[in-house]
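K.L.:
Submitted below is the structure of interest, expressed as structure tokens.
The values are calculated or read from the model by the stated rules, or taken from the named source; none is laboratory data. This structure is a prediction, so every number in the text was calculated from the model and none was measured. No Cβ is skipped: glycine too gets one built from the backbone with ideal geometry, and neighbour counts run over all protein chains shown. Side chains are part of the model used for accessible areas, which takes the heavy atoms of the whole protein and leaves out ligands, DNA and RNA. Shrake-Rupley method; radii C 1.70, N 1.55, O 1.52, S 1.80 Å.
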Amino acid sequence: MTFDKDVIIGRSIKKSDRIIEKLQGKELVPGYVLVCLNESRSGLELYPSLVFFQKRMLDKDIHVVGIFKGNKDAFEFIRVLSETAVSKLGECDLIKAIELYREANK
């Protein structure tokens, strides 16, 4: 698992550095949802943080672009990202919309 250099952190998360440190150290961190690039880097996937401790996930090349507390925040992020993509790009390209989202939320 790798983390984007500008990983997007949900607003309800207070100690993001500690959460990232725990995830990198393979510690259990329940209650978080990670927004990741899919294996072909063409779309996004959402994973509960606990999934990364299953054997089937060890061989996957997962790149985390966002961390959110719970499903509600993660889905809200995807909704806002989708609306941004359609309004600014004219298409639902979530990968391109991530940079637009970052710029708008600095």
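K.L.:
In the range 42-75, how many residues are more than 12 Å from the chain's Cα centre (by Cα) and either of a type in the set (A, V, I, L, M) or open to solvent by 50 Å² or more (accessible area, probe 1.4 Å) (or both)?
P.N.:
Residues that pass the stated criteria total 13.
K.L.:
Additional query: So, Lys15, is that one basic (Lys, Arg) and open to solvent by 70 Å² or more (accessible area, probe 1.4 Å) or not?
P.N.:
So Lys15 passes the test.
K.L.:
Of the numbered conditions (1) closer than 22 Å to Arg79 by Cα; (2) in contact with a Lys or Arg (Cβ under 9 Å, 6 or more places away or on another chain), Met1 satisfies every one except a single condition; which is it?
P.N.:
(1)
K.L.:
With respect to the numbered conditions (1) open to solvent by 60 Å² or more (accessible area, probe 1.4 Å); (2) closer than 27 Å to Lys14 by Cβ, which one is the sole condition not fulfilled by Glu39?
P.N.:
Condition not satisfied by Glu39: (2).
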